[in-house]
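Since the structure comes first, as structure tokens, the remarks are kept for the end.
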Amino acid sequence: MSEIMLKVTGLKVAYGGIQAVKGATLEVHAGELVSLIGANGAGKTTTLKAITGLLEPKDGSIEYLGRSIKGQGAWELVKQGLVMVPEGRGTFTRMTITENLQMGAFTRDDKEVEADIEKVFDIFPRLKERRHQLGGTMSGGEQQMLAMGRALMARPKVLLLDEPSMGLSPIMVDKIFEVVNDIHQRGTTVLLVEQNASRALGLANRGYVMESGEVTMAGEAKALLNDPKVRAAYLGE
Ligand code: ATP
């Protein structure tokens, strides 16, 4: 089996007295696209925030590239290639597209930043067309592309995407899933959090289902897509 890039075991996270994640266990192997699905409030975002150092777990362990990353801050983790595109995108509204992409490379001190911006423009021609435009004037879908492009500028080894299709038009949703697939096909390992279960499992190698703070199902994406419980709960059947 391929190398385990990310291994989360018994993760518990609380907001004050509210237990948002109650013992989640999941892993992501090199080269995989893994989808984490579940309803609103299931604890998916909280899990990603704990993985990326934005929230401190109450219990459990998180290993990245075979080592515990307990206590490491988000910045240190980005530098090591563990990079998240947050829900809501976080565009720098008063910076141009190009400047937003340069910000994504802030942890790097090599000379290939400009070449990488061109690679991002290959993946997202729309960003190239708009490169002098201010981030805040882009549409929701374009800002999602920008957020993904900015994350790629950090040269992720594992890319964590939090609900990239949220709030987008059907055409943009198609485009975003196409790009997620493209990024995966180009060799990046991806953990995709989505409420759009059919699309997310359609692209994935494996999947996890989260309910009320717990991982309740895990398996090959195709098997989950065909599972009657998943179909009833998440695919509207
Ligand atoms: P969504 O798709 O709606 O983002 P999710 O599966 O990502 O859902 P989380 O955002 O992780 O779920 O939320 C899990 C639980 O934690 C929910 O009950 C939510 O209300 C609660 N929660 C999230 N953020 C906070 C916060 N900052 N303070 C208190 N409770 C929170």
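The values are calculated or read from the model by the stated rules, or taken from the named source; none is laboratory data. Not measured: the values here are computed from a predicted model. Neighbour counts run over all protein chains shown; Cβ positions are idealised from the backbone, glycine included.
Of note:
- Of the candidates Met217, Met210, Met172, the single residue that is free of Cβ contacts under 8 Å to residues at least 40 places away in the same chain and either within 16 Å of the ligand (Cβ to nearest atom) or of a type in the set (Ser, Thr, Tyr) (or both) is Met217.
- Val113 meets the stated requirement of being of a type in the set (Val, Ile, Thr), surrounded by fewer than 18 Cβ atoms within 10 Å (Cβ to Cβ) and touching a residue at least 40 places away in the same chain (Cβ under 8 Å).
- Any hit, the stretch 17-30, residues being assigned to a helix (DSSP H, G or I) and either within 14 Å of the chain's Cα centre (by Cα) or within 12 Å of the ligand (Cβ to nearest atom) (or both): no
- If you go through the stretch 20-63 and pick out every residue that is among the basic types (Lys, Arg) and closer than 21 Å to Leu224 by Cα, you end up with 1.
- Residues that are more than 16 Å from the ligand (Cβ to nearest atom) and modelled with pLDDT of 95 or more within the stretch 186-200 comprise Thr188, Thr189, Val190, listed in sequence order.
- Those helices (runs of 4 or more DSSP H) of the stretch 119-237 in which 1 or more residues are under 18 Å from the mean Cα position of the chain (by Cα) and either surrounded by 15 or more Cβ atoms within 10 Å (Cβ to Cβ) or among the polar types (S, T, N, Q) (or both) occupy 140-152, 170-185, 197-203, 221-225.
- Just one of the numbered conditions (1) crowded, with 18+ Cβ neighbours inside 10 Å; (2) without any contact (Cβ under 8 Å) to a residue 12 or more places away in the chain is not true of Arg67: (1).
- Residue within the stretch 77-86 that is more than 16 Å from the ligand (Cβ to nearest atom), over 19 Å from Leu192 (Cβ atoms) and charged (D, E, K, R) present: yes
- Residues being in contact with a Ser or Thr (Cβ under 7 Å, 6 or more places away or on another chain), more than 9 Å from the ligand (Cβ to nearest atom) and touching a residue at least 40 places away in the same chain (Cβ under 8 Å) are entirely absent from the stretch 33-53.
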